Each structure stands twice: as C-alpha cells, then as structure tokens.
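Participant: One structure, as structure tokens, below. Some questions next.
The numbers here are math on the coordinates, done by the rules we state, and not lab data. Computed from a predicted structure; not experimentally measured. Glycine also receives a Cβ, built like all others from the backbone with ideal geometry; neighbour counts cover every protein chain displayed.
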Amino acid sequence: MSQCSLCKGKLKEDKINHVVDIDDLIIIIKKVPAEVCKQCGEYYLDHKIAQKVEEIVDNVKNNKAEVIIINFYDRVA
Ligand SMILES: [Zn+2]
C-alpha cells in the first residue's frame, strides 16, 4: 500500500500513537509502526501490527485504570 485511500496522498512509514477508546478506558499505544499519509495524517496498520495491537488491548482492557499508556516496543520485544 502506498496511497492513502481517503485522499490519495503518499504514504510514508512512520511511528504513530494509536489510541483505543473502550467505554471509560483509553488505551494509548505509542510508537506503533504504520504507514502514514503525508497529506491528511490518516494511518494504516500492517495486518501483523494490527493483530499485535489487538493482543495488547486484550491484555490490558480489564485494568481498572482510566488511561493506559503503552510503548509498542515494550510489548513486542
Ligand atoms: Zn490521506
């Protein structure tokens, strides 16, 4: 994938902060590798990365905290 499906802008590999909002819980996963649109800022996660993100969310979503901040690389290392 090298073109944004929203604006047709060019995608560039970068690290993004992925935010997941579940009810009252906000999970912020930092430094997730993604393809980021230079034009509109939309980002696309690789299938494997998206799966890993889901695993991370599953692992922490029963936490009683309101906001959880995770560094992606702490979880994949
Ligand atoms: Zn775009």
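Participant: Would you mind ranking Glu55, Glu13, Glu42 so that the residue whose beta carbon has the fewest other beta carbons within 10 Å leads the list? If you can, show how the numbers build up before the last one.
Facilitator: On the way: Glu55 12, Glu13 9, Glu42 15.
Least to most surrounded, the residues fall as Glu13, Glu55, Glu42.
Participant: On to the next question. Which angle from 0 to 90°, rounded to the nearest 10, does the C-alpha axis of helix 47-60 make with the longest principal axis of the chain?
Facilitator: The angle comes out at about 20 degrees.
Participant: Quick check: net charge around Glu35, other residues with Cβ under 15 Å of its Cβ, Lys/Arg +1 and Asp/Glu -1?
Facilitator: Values: positive: Lys8, Lys10, Lys12, Lys15, Lys31, Lys38, Lys48; negative: Glu13, Asp14, Glu42, Asp46.
So the surrounding residues net to +3.
Participant: In whole Å, what is the distance between the alpha-carbon centres of the stretch 40-75 and the stretch 23-39?
Facilitator: Here the answer is 8 Å between Cα centres.
Participant: State the antiparallel share, in %, of DSSP beta bridges confined to the chain, rounding to the nearest 5. Working shown, then result.
Facilitator: Values: 14 of 19 bridges.
Expressed as a percentage, antiparallel bridges in the chain total about 75.
Participant: Next up: Sort Ile28, Ile56 by Cβ crowding within 10 Å, fewest neighbours at the top.
Facilitator: On the way: Ile28 14, Ile56 21.
The fewest-first ordering by Cβ neighbours comes to Ile28, Ile56.
Participant: Kindly count the pairs of lysines across the chain whose alpha carbons are less than 17 Å apart, treating pairs on different chains or eight or more residues apart as eligible.
Facilitator: 15
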